[in-house]
Amino acid sequence: MPRPKHYDIVIIGGGVQGLSLAYNLALRETGKIAVFDKSYIGSGASGRNGEMIRSAFGSEEWIRLFDTSLRLWETLSAELDFNVMFTRCGYLVLASTPEDLAACRTNCKRQNAMGLKTRMLNAGEVAELIPSLNPQATVGGVFQKEGGVARHDAVVWAYARAARRLGVEIFPYTEIVAVNVDTAKITGVRTIRENVLTGIVVNAAGAFAGQVAEMAGVKLLLDVYRLEMIVTEPLKPFLQVALSSPHFLAYMHQTARGEFAGGAEPQNLSPYLGLKNTRHAVQDMARKFGSLFPGLRGAKLMRQWAGIVAKSPDRGPLLGAVDGLEGFFLNAGWGGYGFMGSPAGGRLMAELITDGQVPDALYPFNPDRFATGQAIVEPTIIGAAEDKG
Amino acid sequence: MSKKMVCFCQDLTDADIVRAIKEGYDHLETLKRFTGAFMGPCQGKMCAANVVKLYAETTGHPVEDLRIPTMRPPVEPISLGSLAPEKGGDDDA
Ligand SMILES: Cc1cc2nc3c(=O)[nH]c(=O)nc-3n(C[C@H](O)[C@H](O)[C@H](O)COP(=O)(O)OP(=O)(O)OC[C@H]3O[C@@H](n4cnc5c(N)ncnc54)[C@H](O)[C@@H]3O)c2cc1C
Ligand code: FES
């Protein structure tokens, strides 16, 4: 029998979070690192998302975390030596009712107080920014010029390539089926093929983070839900910014190829968790996008897909060590925001794991916060079915 | 190698496909995402056979073992408007 492989750190999940973390750990020369994914890298939500990026949230905790990320996005292509197609096209949160507008105003104040250069737009300014938008659909909004979009697959590949260059070993098609624990300490993992020794496991398994935690005997407060998207045929440029509408629970942008790409959530989420689209959701999207952009009604639908993500009780990610199980870390529960959060997620988690100190921006997202009564209140996130890009 | 067009919508030659496979996009799903093959307006109807054959030759995977990346429904393109026929305008969600 050959001796089992040994790694200093094993990351479960080759999505954008796991790969960003692997790269950032390798930058800090933390020893031998392996990433395992049960399918191809980026096969989870990381290759299926709306690609939208902003830091204009409503709570200090979210703004600090996501603004750290936004600043990293600006230089990411150069840093990773791979064009991730980050475009600072601007990100508008649309207000459709006076209540929406009041919320935008409160959030904008907080954002400005924290140094973000967001600003309120009135209906006329929104019409100027997006002439194709149905004027009846808006009363204004809050605009973040520095926000934008990037290409999801390119980000996954960029992190994977940079990580490999630094010596990280990435194993696609290698599911983890057990996490080995001995007296409250991580000792290794079992893949579909073999046992692997390690003292540190990071759970970055996206929608499956709850299952992976259970392998280690840890119960996480995570709910799994699905999000759907559609893409149209290429169209003439008509939407230059990334746009989200809390009123319609929708988010959208036009890609460099001219395709309109958007997702929305129906009011009643079905409990189905497969990756096939549901007629209900597709009709809901068609109706919402057609009413925001009347010009879209004639556009042909080209592709549609779904992805699944996990969310925590306060919808913020679970980032940090698990109390009571030495060597077990979480980078999970990113809901509808884990793509934009990936540069900071990986950077800060690498700091936490190697220095043993919790970076300020991460502390509020510690996995124990629900037990200690410190759940985060993020006002741009409301209701049950609202996590949007 | 010769420059033969294999995916017309996305202007991809056989050399483009082989290069992508050699660069490590060596699963049909990642190959699709990297090159854009199967993702043009015809959604692969014109190129799937070409690309899969070339992929099989380049990687040595027998064609029979390959699953062509999901044809994302709908098979025939339909307009957004016809999917939401109830009404248009400023209806509520
Ligand atoms: C339709 C949709 C739209 C979205 N829009 C946006 C957006 O506009 N902006 C934004 O920031 N976010 C958006 N998101 C959310 C974002 O995609 C996710 O938060 C993010 O991709 C999470 O990354 P991850 O690496 O944590 O998870 P994933 O990408 O899901 O990766 C987890 C990986 O773990 C692997 N895995 C699971 N279990 C095991 C196991 N036992 N062994 C080995 N591997 C395993 C899976 O195969 C998977 O590849 C959207 C999501 C969806 C679905
Ligand atoms: S010919 Fe390849 S997508 Fe149409």
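Exactly one residue out of A:T118, A:T198 is closer than 24 Å to A:V16 by Cα, in contact with a strand residue (DSSP E or B) (Cβ under 6 Å, 6 or more places away or on another chain) and buried (at least 17 other Cβ atoms within 10 Å of the Cβ), and it is A:T198. Can you confirm whether the stretch A:65-79 contains a residue that is open to solvent by 10 Å² or more (accessible area, probe 1.4 Å), at positive phi and of a type outside the set (K, R)? Looking for residues that are open to solvent by 10 Å² or more (accessible area, probe 1.4 Å), at positive phi and of a type outside the set (K, R), one finds none in the stretch A:65-79, hence no. Of the residues making up the stretch A:255-265, at least one is within 16 Å of ligand 2 (Cβ to nearest atom), surrounded by fewer than 19 Cβ atoms within 10 Å (Cβ to Cβ), of a type in the set (V, I, T) and under 22 Å from B:M39 (Cα atoms).
Here's the yes/no breakdown for (1) of a type in the set (G, A, S); (2) closer than 30 Å to A:N24 by Cβ:
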position	(1), (2)
A:A78	yes, yes
A:Y91	no, yes
A:L94	no, no
A:T106	no, no
A:L116	no, yes
A:E125	no, no
A:L129	no, no
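When A:G341, A:G327 are checked against the criterion of being surrounded by 15 or more Cβ atoms within 10 Å (Cβ to Cβ), within 11 Å of ligand 1 (Cβ to nearest atom) and of a type in the set (G, A, S), a single residue qualifies: A:G341. One residue alone among A:P343, A:P379, A:P364 is out of contact with any strand residue (DSSP E or B) (no Cβ under 7 Å at 6 or more places or on another chain), more than 16 Å from A:L21 (Cβ to Cβ) and part of a helix (DSSP H, G or I), and that residue is A:P364.
Conditions (1) over 21 Å from A:Y251 (Cβ atoms); (2) open to solvent by less than 50 Å² (accessible area, probe 1.4 Å); (3) in contact with a helix residue (DSSP H, G or I) (Cβ under 7 Å, 6 or more places away or on another chain); (4) of a type outside the set (F, W, Y), marked per residue:
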site	(1), (2), (3), (4)
A:S39	yes, yes, no, yes
A:G42	no, yes, yes, yes
A:G47	no, yes, yes, yes
A:I53	no, yes, yes, yes
A:S96	no, yes, yes, yes
A:L101	no, yes, no, yes
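Residues in the stretch A:290-301 that are in a helix (DSSP H, G or I) and facing another protein chain (nearest Cβ under 7 Å): A:G290, A:S291, A:P294, A:L296, A:R297, A:G298. Within the stretch A:235-253, the set of residues being away from ligand 1 (no atom under 14 Å from the Cβ), within 24 Å of B:C9 (Cβ to Cβ) and buried (at least 16 other Cβ atoms within 10 Å of the Cβ) comprises A:L235, A:F238, A:L239. Taking the stretch A:271-280 as the range and being buried (at least 16 other Cβ atoms within 10 Å of the Cβ) and in contact with a Gly (Cβ under 9 Å, 6 or more places away or on another chain) as the test, no residue passes. Looking across the stretch A:201-214 at every residue that is in contact with a Lys or Arg (Cβ under 9 Å, 6 or more places away or on another chain) and over 30 Å from A:F289 (Cα atoms), the one that is least open to solvent (accessible area, probe 1.4 Å) is identified as A:A213. Strands (runs of 3 or more DSSP E) fully within the stretch A:2-90 that include at least 3 residues being within 11 Å of ligand 1 (Cβ to nearest atom) and free of Cβ contacts under 8 Å to residues at least 40 places away in the same chain: none found. Just give me the residues in the stretch A:344-356 being closer than 24 Å to A:R48 by Cα and either free of Cβ contacts under 8 Å to residues at least 40 places away in the same chain or open to solvent by 20 Å² or more (accessible area, probe 1.4 Å) (or both), in sequence order. A:R347 - this is the single residue of the stretch A:344-356 that is closer than 24 Å to A:R48 by Cα and either free of Cβ contacts under 8 Å to residues at least 40 places away in the same chain or open to solvent by 20 Å² or more (accessible area, probe 1.4 Å) (or both). Does A:R287 satisfy the condition of being surrounded by fewer than 23 Cβ atoms within 10 Å (Cβ to Cβ), within 11 Å of chain B (Cβ to nearest Cβ) and not aliphatic (A, V, I, L, M)? For A:R287, the condition - surrounded by fewer than 23 Cβ atoms within 10 Å (Cβ to Cβ), within 11 Å of chain B (Cβ to nearest Cβ) and not aliphatic (A, V, I, L, M) - is not met.
Restricting attention to the stretch A:308-324 and to residues that are part of a strand (DSSP E or B) and open to solvent by less than 10 Å² (accessible area, probe 1.4 Å), the residue that is nearest to A:V358 (Cα to Cα) turns out to be A:G320. Scanning the stretch B:7-53 for residues that are within 14 Å of ligand 2 (Cβ to nearest atom), farther than 26 Å from A:L301 by Cβ and within 14 Å of chain A (Cβ to nearest Cβ) yields a total of 1. Only strands (runs of 3 or more DSSP E) whose full extent lies in the stretch A:157-219 are considered here, and the ones with at least 1 residues that are among the hydroxyl-bearing types (S, T, Y) and more than 16 Å from ligand 2 (Cβ to nearest atom) are A:186-191, A:195-198.
The values are calculated or read from the model by the stated rules, or taken from the named source; none is laboratory data. Because the structure is a prediction, the values reported are computed rather than measured. Cβ sites come from the backbone with ideal geometry, for glycine too, and all protein chains shown count toward neighbours. Side chains are part of the model used for accessible areas, which takes the heavy atoms of the whole protein and leaves out ligands, DNA and RNA. Shrake-Rupley method; radii C 1.70, N 1.55, O 1.52, S 1.80 Å.
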